[in-house]
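The values are calculated or read from the model by the stated rules, or taken from the named source; none is laboratory data. As the structure is a prediction and not an experimental result, all values here were calculated from the model. For neighbour counting, all protein chains shown are included, and Cβ atoms are generated from backbone atoms with ideal geometry for every residue, glycine included. Side chains included, ligands, DNA and RNA excluded: accessible areas come from the protein's heavy atoms. Shrake-Rupley method; radii C 1.70, N 1.55, O 1.52, S 1.80 Å.
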Amino acid sequence: MATWQSDPSFYPAPRHAMQAPPETLAYVALRNAAGTGPDAIGVVDVDPRSSSYGQWIHELPMREPGDGLRCIGWNADSASLCPYGPRIHAERRYLIVPGQASTRIHIVDTKPDPALPELAGVIEPEIVTARTGYATLRSVHSGPDGIYVNALDSMSGERGGVFLLDSETFELKGRWERECEPRIPAHDFWWHLGFDTMVTFEPAISDPLSGAIPWEPAATRRDPRLHFWSLRSRRHRQSIDLGPEIPLVCGIRPAHSPTRPFGFLGVVVSPRDLSSSIWIWIRDPRSGYGKPRWTLRKVLTIPALQAAEEDLPSPLKPFRALPPLVTDLNLSLDDRFLYVSCWGTGELRQYDVTNPLRPRLTGRLTVGGSHRTPHPAAPHRPLRGGPHTVQLSRDGRRIYLTNGLDSGWSRRLLPEASPNWLVKVDVDPSGGIAFDPRFFVAFDRELLPQQVRLQGGDASSDSFCFS
């Protein structure tokens, strides 16, 4: 008699996922910033036993130039095991690759040969906008009932939001929100499955892709807010006004355990003093599970570095300081360590958040950044930029960093060109981080490495319904 089994990369709880076998391949979104060719998905060998370890082994180009790839995600993950939306027959097979500039969605098949993924299909922007009304796509997350994608804009000029795709047929199922007027933008989003809550961020900056720098008055067009929704009813529940200190957030990371009602925000920069900061949202204990209420507080500040005026680009000269510019966060599956990338100063910071209200710094590395710090694999090669995206393995032992930040304000702050890179960091389970000296992948100057996804899943792919 046949036995039905779920995809072996699906796990009911975070602690089970931490016991998964190590990844052997990494998939990297590559943006062609020069416009000389199409964007691509790069495949990197991350198996230390392989003769091609730390090498870029394959490139899958998209069909047309100008897609503007940034974030990618799987069609299905461990959320498929949730009791209220079971899709136990689904498999983690396809990478969903949205174009931020083109509003085109690519479907990449990794199953026939994971090292040689194939382009299985494309959803053209005309279809996306006709079915959803949205444009300028950003992030992808797989949930119990399908694939969620957020959009920053719409063709009609109204604000963007979130829409759904079927995880098997990739049919566009339309907008996710209900009873949402006026339209609430969703620059980033994630959820708490155990508390029936989606979290979205509405930035102060009207166009995060423009050349306006977050601390410039011209950049701010509205009040930034954090929004909380009922995930099942798709209705808005609560807004928190973030105030002028939080114009732009890069990184929304809820706790992985479905019973832990908190999450972290990474604030790119404060217009007041150019510092960056980490904030926590947490459930008000006086609220019930049916309709939770949430509060927000700052838990740490990362100050700007003082610098001589002549050493700074024009937008920073009046401040005589270099901002950390937090561009990503990641949280280990046991909710113990929070990782913060500071693109401006080149730091990767590790914080012990066993007590999430009192983060404790336990590790720090620098690569690139203000001092153009080289990597151990190329000690005489100054590097541009710092860690932009942070991806963490399921067991919490390996971190993958890229530096390919591409926006109008990043080009104003760091205009010089330089090769871009992907590096790997090893994690001490008790705290502490160190570069893997064998792992340094350099990309052509026009190719900007963006988000990394690991074969079989990673610390920011899955969400869980069981603790």
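At-a-glance table
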item: Alpha-carbon centroid distance for the pair the range 445-462 / the range 8-86, whole angstrom; result: 5 Å
item: Highest to lowest packing among 139-146, 266-273, 8-15, scored as the average C-beta count within 10 Å; result: 139-146, 266-273, 8-15
item: Probe 1.4 Å, protein heavy atoms only - accessible area per residue of the range 61-173 in square angstrom; result: 35 Å²
item: In nm, spacing of pseudo-spin labels at His89 and Glu124 (7 Å Cα→C-beta vector); result: 3.2 nm
item: Difference of contour (0.36 nm per residue) and Cα-Cα distance, Ala115 to Lys291; result: 58.9 nm
item: Residues of type aspartates and glutamates that Lys111 reaches as a straight line, Cα spacing below 19 Å, ignoring anything fewer than 8 places off in the same chain; result: Asp7, Glu23, Asp45, Asp47, Glu59, Asp77, Glu91, Asp166, Glu168, Asp458, Asp462
item: The range 224-330, relative contact order [Cα under 8 Å, separation at least 6], %; result: 22 percent
item: Helical contribution to [θ] at 222 nm, DSSP H n ≥ 4, -39,500 (n - 2.57), averaged over the chain, rounded to 500; result: -1000 deg cm²/dmol
item: Packing-based order for 247-260, 384-397, using average beta carbon neighbours within 10 Å, highest first; result: 384-397, 247-260
item: Surface share of carbon and sulfur [accessible, 1.4 angstrom probe, percent] for the chain; result: 50 percent
item: Highest-first arrangement of 44-55, 127-138, where packing means the average Cβ count within 10 Å; result: 127-138, 44-55
item: Cα-based shape type of the range 31-88, given that a ≥ b ≥ c are square roots of the gyration tensor eigenvalues and the cut on a/c is 1.5; result: oblate
item: Separation in nanometres of the label points that stand 7 Å from Cα toward Cβ, at Arg235 and Arg438; result: 5.6 nm
item: Partner aspartates and glutamates for Lys317 [C-alpha distance under 18 Å; skip if fewer than 8 residues away on the same chain]; result: Glu216, Asp273, Glu309, Glu416
item: Gain in span if fully extended, Leu361 to Arg381, counting 0.36 nm per residue against the direct Cα distance; result: 4.4 nm
item: Candidate lysines - alpha carbon under 28 Å from Lys291, same-chain residues fewer than 8 apart omitted; result: Lys173
item: Residue-wise HN-Hα coupling along the range 423-440, computed from phi with Karplus coefficients 6.51, -1.76, 1.60 (Hz; x: Gly, Pro); result: 10, 10, 10, 9, 10, 7, x, 8, x, x, 9, 8, 5, 7, x, 8, 10, 8
item: Probe 1.4 Å, protein heavy atoms only - accessible area per residue of the range 328-447 in square angstrom; result: 35 Å²
item: Long-range HN-HN contacts of Gln238 with modeled amide H, under 5 Å; result: Phe228
